[in-house]
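The values are calculated or read from the model by the stated rules, or taken from the named source; none is laboratory data. This structure is a prediction, so every number in the text was calculated from the model and none was measured. Cβ coordinates were reconstructed from backbone atoms using ideal geometry, including for glycine residues, and neighbour counts include every protein chain displayed.
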């Protein structure tokens with residue numbers, strides 16, 4: 001099928017842009033995850049958490065079953081938890097809501113972890129149920145509330161939504177403003193306009209969309225003249241006297257003046273991988289880059305077709321002196337993205353929803369508490385009952401492991417290690433606890449103990465500030481004088497673009 005030029009210049013970019021925008025809206029708003037690491041091992045609370053609170057006297061299992069049958073998924077509550085205990089050689093998993101019915105109060109295997117875990121779900125006369133929202137468009141908080149009204153019509157309850165209200169429209173407007181300002185400063189407006197669908201589609205990513213847009217815009221500017229040189233060369237007759245030659249060697253020769261551009265492209269790609277790969281799904285990041293390359297191709301195809309129809313090929317000067325000149329311009333082209341990114345640092349990214357006064361951090365269960373409980377259970381069968389629980393009990397003389405020498409006698413000992421060699425089950429509430437700790441820290445101030453542990457979030461904010469600083473620093477590259485190449489002079493002759 002022979003596509004006419006308007007398809008490549010108008011229809012194809014428009015259709016592709018709409019599809020790309022819908023793709024991003026669906027993946028980022030509906031919570032479709034393409035992260036390859038640790039999938040399906042923990043519930044995902046990135047989109048927030050729904051909290052159902054009922055009176056302590058209500059039957060936990062009955063409510064969970066009612067919610068599951070009503071299509072609201074599996075809530076996390078007391079009856080959903082299993083407490084691992086040693087069963088003299090293997091782990092036994094006891095339901096939390098029946099733990100003290102199966103394990104006596106005087107049982108030395110009871111480390112107090114089960115009681116701590118139960119208090120998280122049942123305290124102050126209330127019973128708590130948690131469910132990740134997962135950005136599921138079919139089960140929005142509003143729909144969930146309606147379902148709860150019908151499913152628990154005879155049961156008084158409180159329904160909270162803890163999570164993030166993103167400012168999609170705000171970031172979309174900021175990114176649009178940055179794009180058109182950059183378009184105004186661009187030296188190749190007809191080419192840059194083709195990147196509009198890509199740069200606006202990623203607005204769903206919030207603050208990171210601005211950083212990603214700045215990186216893509218920088219790469220676009222760096223590749224503008226090198227790719228323009230290669231596309232323009234395709235429109236000339238190939239002749240023996242052409243300065244660059246033919247084939248791959250000819251392409252390398254044509255790109256020689258743009259070595260600095262290509263090196264900076266690699267640095268931009270490194271920056272994108274270093275800063276964004278851990279914050280954006282690798283799949284979405286790959287889609288962005290492929291789309292960026294596709295729309296770049298559309299723009300040069302349109303320019304090539306325009307040159308064919310008008311029989312006028314854009315003039316690109318050839319360096320007559322062996323002097324390296326700057327073949328890109330970041331100032332003021334990239335400046336709008338730096339300014340918008342700087343403004344975004346001071347804008348709210350999310351809003352707390354619901355009353356969180358009943359979620360006091362004092363009831364949270366840490367991973368360390370779980371690991372301490374598991375360390376005791378995994379070594380209980382080999383532990384002296386005359387010792388209190390401590391990490392060194394098993395390394396006392398009577399509990400060391402011995403090995404034999406060549407003569408068949410005991411030759412020495414090694415510290416005790418779990419003879420089963422089995423792995424410790426993952427802490428099932430880890431992601432929920434992490435979410436609640438971060439939510440409490442950012443939206444409610446947190447406890448005094450948590451306020452002392454805010455170094456990690458500060459690193460995260462520092463990385464954002466560094467990324468904005470890098471954008472402004474790139475704009476300063478325009479003020480650096482170009483270097484001078486070696487003194488060897490080779491005049492260019494027979495070139496298609498000889499100066500008149």
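Anything in the range 179-196 that is surrounded by fewer than 19 Cβ atoms within 10 Å (Cβ to Cβ) and either assigned to a helix (DSSP H, G or I) or in contact with a strand residue (DSSP E or B) (Cβ under 7 Å, 6 or more places away or on another chain) (or both)? List them, or say none. 180, 181, 183, 184, 185, 189, 190, 193, 196, listed by residue number. Within the range 91-131, the set of residues being assigned to a strand (DSSP E or B), at pLDDT below 90 and either out of contact with any strand residue (DSSP E or B) (no Cβ under 6 Å at 6 or more places or on another chain) or under 18 Å from residue 57 (Cβ atoms) (or both) is empty. With respect to being outside the structural domain of residue 297 (by TED's automatic domain parsing), touching a helix residue (DSSP H, G or I) at 6+ places or on another chain (Cβ under 6 Å) and surrounded by 16 or more Cβ atoms within 10 Å (Cβ to Cβ), residue 161 fits the description.
Residues in the range 421-445 that are modelled with pLDDT under 85 and buried (at least 19 other Cβ atoms within 10 Å of the Cβ): 439, 440.
Does residue 217 satisfy the condition of being in contact with a helix residue (DSSP H, G or I) (Cβ under 8 Å, 6 or more places away or on another chain) and surrounded by fewer than 17 Cβ atoms within 10 Å (Cβ to Cβ)? Here the answer is no, as residue 217 does not meet what is asked. Looking across the range 52-64, just one residue is in a strand (DSSP E or B) and within 15 Å of residue 80 (Cα to Cα), and that is 52.
Tell me, yes or no, whether the range 14-26 has at least one residue that is at pLDDT 85 or above, buried (at least 19 other Cβ atoms within 10 Å of the Cβ) and either farther than 24 Å from residue 157 by Cα or within 33 Å of the chain's Cα centre (by Cα) (or both). There is no residue in the range 14-26 that is at pLDDT 85 or above, buried (at least 19 other Cβ atoms within 10 Å of the Cβ) and either farther than 24 Å from residue 157 by Cα or within 33 Å of the chain's Cα centre (by Cα) (or both). Selection over the range 179-193 of residues that are in contact with a helix residue (DSSP H, G or I) (Cβ under 6 Å, 6 or more places away or on another chain) and over 15 Å from residue 329 (Cβ atoms) gives a count of 1. Among the residues of the range 135-169, the one identified as at pLDDT 85 or above and within 30 Å of residue 346 (Cβ to Cβ) is 160.
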